[in-house]
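These notes are about the structure you will find just below.
The values are calculated or read from the model by the stated rules, or taken from the named source; none is laboratory data. Nothing here was measured: the structure is a model prediction, and the numbers come from that model. A quick note on method: Cβ atoms are made from the backbone with ideal geometry, for glycine too, and the neighbour counts reach across all protein chains shown.
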Amino acid sequence: MKKNILSIVTLLAVSVVLFSACDKDDGKPVVYYQTQDQMARPAINTVFVDAAEKDVFNTTTPSAQGAAFATKFRNKLLALNPGYTTNLLGLDATAFTNVLATDVLTGSTTGVTSFYDGTNVLTGRALADDVIDVELILIFGGPMATMNPGLTSDNVGTNDKAFLTSFPYLATPH
Amino acid sequence: MKLKRVLTIGLASAGIITAGILYAADHIDSPAVTNQSTDITDIYVFRAQDVNNLVFVANTQGLLAPGATAAASFDNNTVIEFNIDNNGDAVEDLVIQGISSGGKMRLYGPIKPSETGNRSRLEGNPTAEVAITPYGSSPSIATGIGGIKVFAGPRDDPFFFDLNQFKKIIAGTATSFNKPGDDSFKGTNVLSLVVEVPKSLLNATTGKVNVWVETKKKI
């Protein structure tokens, strides 16, 4: 009797496993996919993550990135720019790297979408946005974007091909 | 002068920490995926020509020379997934998934995923499908359920950056960028997935979405 109950329990457990691993409609096993690479704001991993942790950052889900990486990002920022005080957004090192460490790209659904165009700040990323200059200014430019002038622009302001005004927007390949 | 020297030393030590090899924006930034079909180069999110729509672009397999572009292909075992958080907690409320099969890119979503985080399954039924545009052909564009538009295939890499000079600065062998700079990505291609979605499908009651892209491989 005891053994029977055990068998029934085992059977139930097995069938639960089987059912939960099957599509309801066609009975085929569910195929799962696992994160290999991840990205939001441009060049964040490149600039702020140590070589040994690049894969870790790329597979840490954004809601867990802040706790895992904010302090490391702050240390990296101060290594890159030991004279950092605040930046054009008025953010001190801790506030700035707290924002960056949760790596998501915000997109406005009501207005202009731009990484930074003088008015709109982090409301999207358009193809023509000079995102590298924006990041260099925020890292090196100080509160008025006037510090370290040799480091606040790479002096490449446009793409090598013109973008399209209509879908699919990106230029034809070379 | 002193500031410059201090900065240079700071940059140099940072360069040593990162082994002196740096890539951008996300081009081959991770040892595990470099030169693989799962390597993401960039994500873009912007208002469409029709301002009622939002465009999502995922670029993969960067630094393709023109001569190597025709042979590059999407991997049938890799999902390219746009994750969309519409309530500010950095957890995806919706996903848009693309996977190639038989020369076509099949799209799923935008749809609420059955689980969040690093493991995914294809969600619901396909909402759009488009023939992958071969190198040298004019773009094949399809419109799916709800007016979703999709393109998949090689495009010019829209990213521009004097990465080589940046690397010199980080390595301490240069103290500033050049004028003019030199775009390290000029003349190179990527494999793009471009999706245009009516904003009404995104449930963005706060007026914004937080987006990130992931490549996920079959396990």
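Quick grid of which residues meet (1) at the interface with chain B (Cβ under 8 Å from one of its Cβ atoms); (2) within 19 Å of the chain's Cα centre (by Cα); (3) closer than 27 Å to A:N81 by Cβ; (4) modelled with pLDDT of 95 or more:
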{"position": "A:T97", "(1), (2), (3), (4)": "no, yes, yes, yes"}
{"position": "A:A101", "(1), (2), (3), (4)": "no, yes, yes, yes"}
{"position": "A:T110", "(1), (2), (3), (4)": "yes, no, no, yes"}
{"position": "A:T113", "(1), (2), (3), (4)": "yes, yes, no, yes"}
{"position": "A:L127", "(1), (2), (3), (4)": "yes, yes, no, yes"}
{"position": "A:G142", "(1), (2), (3), (4)": "no, no, yes, yes"}
{"position": "A:N155", "(1), (2), (3), (4)": "yes, no, yes, yes"}
{"position": "A:D160", "(1), (2), (3), (4)": "yes, no, no, yes"}
{"position": "A:Y169", "(1), (2), (3), (4)": "yes, no, no, yes"}
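When you look at A:L138, is it out of contact with any strand residue (DSSP E or B) (no Cβ under 9 Å at 6 or more places or on another chain) and more than 8 Å from chain B (Cβ to nearest Cβ), yes or no? Spelling it out, it is not the case that A:L138 is out of contact with any strand residue (DSSP E or B) (no Cβ under 9 Å at 6 or more places or on another chain) and more than 8 Å from chain B (Cβ to nearest Cβ). In the stretch B:166-182, which residue that is under 20 Å from A:P42 (Cβ atoms) and at pLDDT 95 or above is surrounded by the fewest Cβ atoms within 10 Å (Cβ to Cβ)? Here the residue is B:D182.
One residue stands out in the stretch A:74-95 among those that are away from chain B (no Cβ under 12 Å) and assigned to a helix (DSSP H, G or I): the one that is surrounded by the most Cβ atoms within 10 Å (Cβ to Cβ), namely A:R74.
Please work out which residue is surrounded by the most Cβ atoms within 10 Å (Cβ to Cβ), limiting yourself to the stretch A:39-60 and to residues that are at the interface with chain B (Cβ under 7 Å from one of its Cβ atoms) and farther than 22 Å from A:D129 by Cβ. In this case the residue turns out to be A:N58. On the stretch given as the stretch B:183-216, residues that are of a type outside the set (A, V, I, L, M, F, W, C), buried (at least 22 other Cβ atoms within 10 Å of the Cβ), touching a Leu at 6+ places or on another chain (Cβ under 6 Å) and outside any loop (DSSP other than H, G, I, E, B) total 2. For A:A64, are the conditions met, namely being over 15 Å from A:I139 (Cβ atoms), modelled with pLDDT of 95 or more and hydrophobic (A, V, I, L, M, F, W, C)? It is true that A:A64 is over 15 Å from A:I139 (Cβ atoms), modelled with pLDDT of 95 or more and hydrophobic (A, V, I, L, M, F, W, C). Where strands (runs of 3 or more DSSP E) sit wholly within the stretch B:49-115, those with at least 2 residues that are of a type in the set (D, E, K, R), within 29 Å of B:Y135 (Cβ to Cβ) and out of contact with any His (no Cβ under 9 Å at 6 or more places or on another chain) occupy B:104-111. Does the stretch B:144-151 include one or more residues that are under 30 Å from A:L80 (Cβ atoms) and within 9 Å of another protein chain (Cβ to nearest Cβ)? Checked against the condition, which is being under 30 Å from A:L80 (Cβ atoms) and within 9 Å of another protein chain (Cβ to nearest Cβ), the stretch B:144-151 yields no hits at all. State whether the residues of the stretch A:155-166 include one that is touching a helix residue (DSSP H, G or I) at 6+ places or on another chain (Cβ under 8 Å) and closer than 20 Å to B:I170 by Cα. Checked against the condition, which is being touching a helix residue (DSSP H, G or I) at 6+ places or on another chain (Cβ under 8 Å) and closer than 20 Å to B:I170 by Cα, the stretch A:155-166 yields at least one hit.
Scanning the stretch B:157-179 for residues that are in a loop (DSSP other than H, G, I, E, B), more than 8 Å from chain A (Cβ to nearest Cβ) and in contact (Cβ under 8 Å) with a residue 24 or more places away in the chain yields B:D157, B:G172. Only one of the listed residues (A:A171, A:A128) is surrounded by fewer than 21 Cβ atoms within 10 Å (Cβ to Cβ), assigned by TED's automatic domain parsing to the domain that holds A:A95 and on the phi < 0 side of the Ramachandran plot. That residue is A:A128.
Among the residues of this structure, A:D103 counts as one that is more than 11 Å from A:I139 (Cβ to Cβ) and crowded, with 21+ Cβ neighbours inside 10 Å.
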